[in-house]
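Engineer: I have a structure here, written as C-alpha cells, and I will follow up with some questions on it.
The values are calculated or read from the model by the stated rules, or taken from the named source; none is laboratory data. On a predicted model such as this, the values are computed, not experimentally measured, just so you know. As a convention, Cβ positions derive from the backbone with ideal geometry for all residues, glycine included, and neighbour counts pool all protein chains shown. In case anyone asks, the SASA skips ligands and DNA or RNA and just uses the protein heavy atoms, side chains included. Shrake-Rupley method; radii C 1.70, N 1.55, O 1.52, S 1.80 Å.
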Amino acid sequence: DKFLNADVSPFSLDLEYAMHLTDASDLEVSSFASGTFDPRSAFFVNKDVVITQGFVASTPEGQPCVLGRGGSDTSGALFAALLSAKRLEIWTDVDGMFSSDPRFVPNARLIEELSYREAQELAAMGAKVLHPRCLGPASWGNIPVEIHNTMSKSTQTTRIMAPAALQQGGENKVMAIARRTGQVLLTISTVDMWGESGFLSRVFAPFERLDISVDLIATSQYAVSMTLDYIPGGIDGEPFKMLLRALRKQGSVQVETDCTVVSIVGRKLRSVLHHMADAFRELERYNLLLLSESTEDLNMSFVLGKSANSVDELVLSLHHVLLERPLRRAQSAAAQDSKSSTAGSATMSPPASPVPRKLRGASFSSLSLLPAQAVAASSSQVLADRLDPSSW
C-alpha cells in the first residue's frame, strides 16, 4: 500500500501511429521531436501480445520493491490506460463483486453493473476482489473493467464503467453490505475545540508525519472521532505510541480497539433513508460507537464496539432487510401483475416472466441465475470437468 500511494500519471499511446513505425528508434525520435509521446512507448512497437508481471516495481529512487495486495490490479489498469484499451479484464477466483461476502451471506448476489466510484467505495469498505486504487487509472482512461472467474464457465460478470454508460445510472438503491474487522477508533475531546481555528489541523498533523491513514471521521463542538485504516506496526508499534503522545497534547484521548465497521453501500442513500427503519432496528442489540455518512452519498457506516452479539448476524440481517426482502416484494408484485394481465386478456398467450433475467444498474441477477450457492456449484463442476480427460 505504501508504494500504491505513489502519484503515477498514465500516458496515452497512439497505437495506430506506432504500428506504421519500423522499429523502436523511429518512435523514440518521433516522441522527442513532437513532444506528444513518452519514450517508454518504444516497448510496444511491432508487438501483438505483451506479457508482463504487475507486482514488482521500483521506488522513486530506483530501488526494487513489491506493490503489495492489489498491485497487479493497479498495474493492469495503468497498462490499460497507457494503451487506451477497449476494456480491462481482471481474472480472479470469483465472478465479480457481490452484495455481501458469499462466505458469510449465502444469499449474496452478483452486482452486474456499477460505476468506478461505486466500485471503489465498495472495495474500500471491505470487498477484496479489487484494490480501490486500480479504478483510478481505469476511470482516467474511461476504460470499462470486467471481473471474470478463472474457475467458472459462467458468462456472468461485474462490469465497472462510467456513470453515463450504466443501464440505470440514476436509480437510487442499496447495493451491498460490507464489513471490516480489527479497526481502531480514536476520540479526542477538549473544551478548547469550540470556536478555535486551526484545532483540527493540529490534530491531523501527526497522522501525516507518522504515515497513519484516517478513514471515517465524526465531529461535535468539543470532540472529534476517527477510525484508523492503516497503522504501521499496528497498535503495539512505535508510530501509534508517538501518535497518542502527540494527540494528548490537544486533549483527552480515548482508544477503542478491535472494532468492526459495517457499511451500507449504495447510490443516493439519503433519498432512501425512510426505507431503512427496519435496518436501524437491527442495530439495537449492538454497541454502536459512531455513525458516518459519506459526503458523496455512497455509503453509510456504523462503527461497532465489542459485543456479545455476532456481527455476522448483523450483516445477514441487514442484507435480508435491505436487499433480499425488497427483491422478493418486487418479484411478488411482478407476478401478481402478470396474473392480472393474463386473466384480463382475450388471448391465451403465455404470461411474461415475473422476474427480469438481469436486474442491472447495481441490481442483482434473478433468483435462478447467480445466488452464491450456484456460483460455488458452478466452480466445483468446472474443476471436475477439467480433471476429466473426456471433457478436454
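Engineer: When the residues of region 90-100 are filtered to those that are open to solvent by less than 70 Å² (accessible area, probe 1.4 Å) and at pLDDT 90 or above, which remaining residue is nearest to residue 135 (Cα to Cα)?
Structural biologist: The selected residue is 90.
Engineer: Ok, one more. Restricting to region 90-102, give me the number of residues that are assigned to a strand (DSSP E or B) and under 18 Å from residue 118 (Cα atoms).
Structural biologist: So the answer is 2.
Engineer: Filter region 208-224 down to the residues that are in contact (Cβ under 8 Å) with a residue 60 or more places away in the chain and open to solvent by 20 Å² or more (accessible area, probe 1.4 Å), then identify the one that is farthest from residue 257 (Cα to Cα).
Structural biologist: 211
Quick grid of which residues meet (1) at pLDDT 70 or above; (2) closer than 20 Å to residue 183 by Cβ; (3) outside any strand (DSSP E or B):
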| position | (1), (2), (3) |
| --- | --- |
| 307 | yes, yes, yes |
| 315 | yes, yes, yes |
| 324 | yes, no, yes |
| 342 | no, no, yes |
| 346 | no, no, yes |
| 356 | no, no, yes |
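Engineer: Of the conditions (1) without any contact (Cβ under 8 Å) to a residue 60 or more places away in the chain; (2) touching a helix residue (DSSP H, G or I) at 6+ places or on another chain (Cβ under 6 Å), residue 299 fails just one. Which one is it?
Structural biologist: (1)
Engineer: How many of the residues making up region 231-250 are within 20 Å of residue 190 (Cα to Cα) and of a type in the set (Gly, Ala, Ser)?
Structural biologist: Here the count works out to 1.
Engineer: Let me ask something else about it. Of the conditions (1) under 23 Å from residue 287 (Cα atoms); (2) out of contact with any Ser or Thr (no Cβ under 9 Å at 6 or more places or on another chain); (3) surrounded by 16 or more Cβ atoms within 10 Å (Cβ to Cβ), residue 261 satisfies every one except a single condition; which number is it?
Structural biologist: Only one criterion is unmet by residue 261, namely (2).
Engineer: How many of the residues making up region 237-258 are open to solvent by 50 Å² or more (accessible area, probe 1.4 Å) and polar (S, T, N, Q)?
Structural biologist: Selection size over region 237-258: 2.
Engineer: Let me ask you something else. Which residue, of 138, 57, is of a type in the set (Gly, Ala, Ser) and more than 25 Å from residue 263 (Cα to Cα)?
Structural biologist: 57
Conditions tested, residue by residue: (1) surrounded by fewer than 15 Cβ atoms within 10 Å (Cβ to Cβ); (2) among the small types (Gly, Ala, Ser).
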position: 147; (1), (2): no, no
position: 150; (1), (2): yes, no
position: 154; (1), (2): no, yes
position: 158; (1), (2): no, no
position: 181; (1), (2): yes, no
position: 186; (1), (2): no, no
position: 194; (1), (2): yes, no
position: 201; (1), (2): yes, yes
position: 206; (1), (2): no, no
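Engineer: Still on this structure, I have one more. With respect to residue 167, determine if the residue is in contact with a Gly (Cβ under 9 Å, 6 or more places away or on another chain), under 20 Å from residue 291 (Cβ atoms) and open to solvent by 50 Å² or more (accessible area, probe 1.4 Å).
Structural biologist: So residue 167 does not fit the description; no.
Engineer: Now, a different point. Provide a single number: the residues in region 255-275 that are hydroxyl-bearing (Ser, Thr, Tyr), under 22 Å from the mean Cα position of the chain (by Cα) and part of a strand (DSSP E or B).
Structural biologist: Selection size over region 255-275: 2.
Engineer: With the requirement that a residue be open to solvent by less than 50 Å² (accessible area, probe 1.4 Å) and either among the aromatic types (Phe, Trp, Tyr) or over 22 Å from the mean Cα position of the chain (by Cα) (or both), what does region 310-326 give you?
Structural biologist: 310
Engineer: Being among the acidic types (Asp, Glu) and under 30 Å from residue 276 (Cα atoms) narrows it down to one residue among 192, 215; which is it?
Structural biologist: Matching residue, one of 192, 215: 215.
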